[in-house]
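Encoded as structure tokens, the structure appears first; notes follow it.
The values are calculated or read from the model by the stated rules, or taken from the named source; none is laboratory data. Small disclaimer: the values here were computed from a predicted structure and weren't measured. All Cβ positions, even for glycine, are placed from backbone atoms using ideal geometry, and neighbour counts span all protein chains on display. For the accessible areas, the whole protein counts, side chains as well, though only heavy atoms, and no ligand, DNA or RNA atoms are used. Shrake-Rupley method; radii C 1.70, N 1.55, O 1.52, S 1.80 Å.
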Amino acid sequence: MSGQERVRAILESRLVQRAVILVIVVNAITIGCETSAYLMQRAGGLLHAIDRVALAVFTVELAARLYAYRKAFFKDPWNWFDTIIVAVALIPASGPTSVLRALRILRALRLVSAVPSMRRVVGALLAAVPGMASIIGLLVLMIYIAAVIATKLFGDIMPERFDELPRSLFTLFQIMTGDDWGNVAQEVMEQKPWAWIFFIVYILMSTFVALNLFIAVVVNAMNEEGDGASELASVKQELAAVNAKLDQLLMRERAEELHPTADR
């Protein structure tokens with residue numbers, strides 16, 4: 001076994017993978033602890049030491065993966081993701097780049113690439129982006145039309161909410177999130193009692209319909225991701241069975257070559 005294969009086997013072992021996950025979790029906790037003045041006064045040196053050790057572990061592990069996989073390393077987008085996170089962490093946190101020190105918590109995102117189940121979820125979300133983009137476009141168009149209508153209808157009776165298009169857009173976005181929409185509708189209905197029709201139709205279309213569409217697209221993408229994973233697993237099982245049969249045939253041929261009179 002070559003050096004590359006040995007390093008690859010070590011990196012793919014469960015022990016090393018679990019150790020990397022543990023380091024990611026511990027590092028995320030220590031970075032969060034550094035936001036506490038109380039903890040920094042009493043254990044600041046220890047927290048900084050753990051942070052440096054974790055960064056060293058991430059750098060060594062990334063370099064080992066680069067050595068083990070060579071060109072294949074750059075074909076995996078998750079490797080690029082880990083490389084960017086580690087590179088940001090290696091930038092000196094002083095002078096004009098001191099603001100990047102706050103970005104150290106991004107190392108916790110390495111947990112996504114280290115845990116296969118999280119990778120599948122993120123992959124499903126990325127696969128759902130085209131469908132989600134269409135829904136977002138539809139939602140933006142819906143809010144824009146409703147904002148124009150609201151500005152024309154309610155701008156004179158409630159100028160602090162609907163006097164101009166930008167303010168109407170913000171108010172309708174606030175209503176879409178369910179924040180204080182009842183009070184807004186009540187104030188408008190004091191002047192125009194029929195306004196409840198506008199608000200109910202808008203909330204039904206923007207909140208319930210759009211939200212259900214988002215959920216449907218994401219669930220569909222996750223189902224497709226799961227089907228693809230199951231198909232891949234079945235293909236691997238079939239290949240393993242074929243390899244086992246080939247090994248048996250080769251062993252028989254070798255046995256016949258070594259003992260040609262054994263079957264006579």
Close pairs from segment 95-117: first farther than 15 Å from VAL57 by Cα and open to solvent by 50 Å² or more (accessible area, probe 1.4 Å), partner modelled with pLDDT of 75 or more and part of a helix (DSSP H, G or I), Cβ under 6 Å, at least 6 apart: LEU103/VAL88; ILE105/ILE31; LEU106/ILE85
Is there any pair with a first residue in segment 123-150 that is under 15 Å from LEU169 (Cα atoms) and a second that is of a type in the set (Ser, Thr, Tyr) whose Cβ atoms are under 7 Å apart and which are 6 or more apart or on different chains, and what are they? LEU139/SER206; MET142/SER206; ILE143/SER206; ALA146/TYR202; ALA147/SER168; ALA150/SER168
In segment 1-18, how many residues are open to solvent by 50 Å² or more (accessible area, probe 1.4 Å) and either polar (S, T, N, Q) or modelled with pLDDT of 85 or more (or both)? 9
Would you confirm, using the coordinates I've provided, whether VAL60 is exposed (fewer than 12 other Cβ atoms within 10 Å of the Cβ) and modelled with pLDDT under 85? no
For segment 212-219, indicate whether the set of residues that are open to solvent by less than 90 Å² (accessible area, probe 1.4 Å), over 20 Å from VAL121 (Cβ atoms) and part of a helix (DSSP H, G or I) is non-empty. no
Subset of segment 63-74 that is touching a Lys or Arg at 6+ places or on another chain (Cβ under 8 Å) and open to solvent by less than 30 Å² (accessible area, probe 1.4 Å) - its residue that is nearest to ARG110 (Cα to Cα): PHE73
The number of residues in segment 181-193 that are open to solvent by 30 Å² or more (accessible area, probe 1.4 Å) and either more than 13 Å from MET158 (Cβ to Cβ) or in a helix (DSSP H, G or I) (or both) is 9
Within segment 157-176, track down each residue that is surrounded by fewer than 20 Cβ atoms within 10 Å (Cβ to Cβ) and without any contact (Cβ under 8 Å) to a residue 24 or more places away in the chain. PRO159, GLU160, ASP163, GLU164, LEU165, PRO166, ARG167, PHE170, GLN174
Long-range neighbours under 6 Å by Cβ, at least six apart or interchain, first residue over 16 Å from ALA108 (Cα atoms) within segment 21-47, second open to solvent by 30 Å² or more (accessible area, probe 1.4 Å) and not basic (Lys, Arg): LEU39/CYS33
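For every residue, the table says whether it meets (1) assigned to a helix (DSSP H, G or I); (2) at pLDDT 85 or above; (3) out of contact with any helix residue (DSSP H, G or I) (no Cβ under 7 Å at 6 or more places or on another chain); (4) not β-branched (Val, Ile, Thr).
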{"site": "GLY32", "(1), (2), (3), (4)": "yes, yes, yes, yes"}
{"site": "THR83", "(1), (2), (3), (4)": "yes, yes, no, no"}
{"site": "VAL86", "(1), (2), (3), (4)": "yes, no, no, no"}
{"site": "ALA93", "(1), (2), (3), (4)": "no, no, no, yes"}
{"site": "ARG101", "(1), (2), (3), (4)": "yes, no, yes, yes"}
{"site": "VAL112", "(1), (2), (3), (4)": "yes, no, no, no"}
